[in-house]
1. Computed over the Cα atoms, what is the radius of gyration of region 71-168 divided by 2.2 N^0.38 Å, N being its residue count?
2. Please compute the net charge surrounding L188, taking Lys and Arg as +1 and Asp and Glu as -1 over other residues with Cβ under 14 Å from its Cβ.
3. Which one, F147, G208, I7, projects farthest toward the positive side of the charge dipole computed for the chain from Cβ point charges (K/R +1, D/E -1)?
4. Order of 48-55, 233-240, 173-180 by packing, highest average Cβ count within 10 Å first?
5. Ranked from highest to lowest mean number of other Cβ atoms within 10 Å per residue, what is the order of the peptides 184-194, 69-79, 7-17?
6. So for the pair M189, E25, with labels modelled 7 Å out along Cα→Cβ, what separation do we get in nm?
7. Distance between the C-alpha centers of region 65-136 and region 19-53? Whole Å please.
8. How high is the FRET efficiency between S178 and I254 when r is their beta carbon distance and R₀ equals 22 Å, given to the nearest 0.05?
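Values quoted throughout were computed directly from the atomic coordinates according to the rules given, and no laboratory measurement underlies them. Computed from a predicted model, the values in this text were never measured in an experiment. Quick reminder, even Gly has a Cβ in these numbers, built from the backbone with ideal geometry, and neighbours come from all protein chains shown.
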Amino acid sequence: MKIIVAIKQVPERDSPARIAGTWIEETDLQFTINELDAYALEEALRLKDKHGCEVVVVSVGPDRVGMTLHESLAKGADRAIHVVCHDLASRDALGVAGLLAAAIEPEMPGLVFTGLQSEDLGLGQTGVILAELLQVPYSTLTLQVNFTGTGIQVKRELEGGLLQMVELPSPAVLTIQSGGNKLRYATLMGIRRAKSKEVRMIAATDLGVTSVSVVRLEEIVQPRRQRATIILPGTAQEATTALVEKLKFEARVI
């Protein structure tokens, strides 16, 4: 089976973010693979190790995306597709999914993996829109995938820590959640082999996908730091209960 993994290159978490219009200044940023996409790649490589699947990584973005694609090849992907797009920041989830669908469809994969969401925008929409454009079923919040006689069985994470097992036909699109597997590192041998693996370049303009966006980003601002004092009324027991609820559901620290 052929598995295609859609990956995105995002700024490093510790990179300084300076606002430039409706996006951030990218000149001095360091870029890396989106963490949830790394888990999607890891799940595909796990299936390759077990069943001998072909793993193809595809990414949309400017020339710098090649670095992330080569890292994926070094980890074990068989080949890569680079959709060269220099106006990625101006495209919404539908626009990006359209480019991915146009690049993926001729490959006729059995499965398409994406990360649950990206670290820079966090929309969580590209994977499910991609499934709609490809007209295939999908599963979100996927932790693990196993083959069955008629298709695939996926383990999904639900709210409250619950897990769900779902069977789907193939082809399908799966958005992968973190924590299902331990991420692997590229070996020295893998880095050497990556140099000889195919990276096919496709210009976004050659895919025949319009760049019209249905969502427009109006403004981006730095989060305002502010402090507020809240006095919790009631007895000590009531105040303690209210404090625990705020720490759990509002601050999300416990």
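1. In units of the globular-protein estimate, region 71-168 measures up at 1.18.
2. That works out to +4.
3. The one lying farthest along the dipole's positive direction is F147.
4. 173-180, 48-55, 233-240
5. Taking the mean over residues of other Cβ atoms within 10 Å, the ranking is 69-79, 7-17, 184-194.
6. With each label placed 7 Å out from Cα toward Cβ, I get 4.6 nm.
7. Taking the Cα centre of each part, region 65-136 and region 19-53 sit 10 Å apart.
8. Efficiency, from the Cβ-Cβ distance: 0.65.
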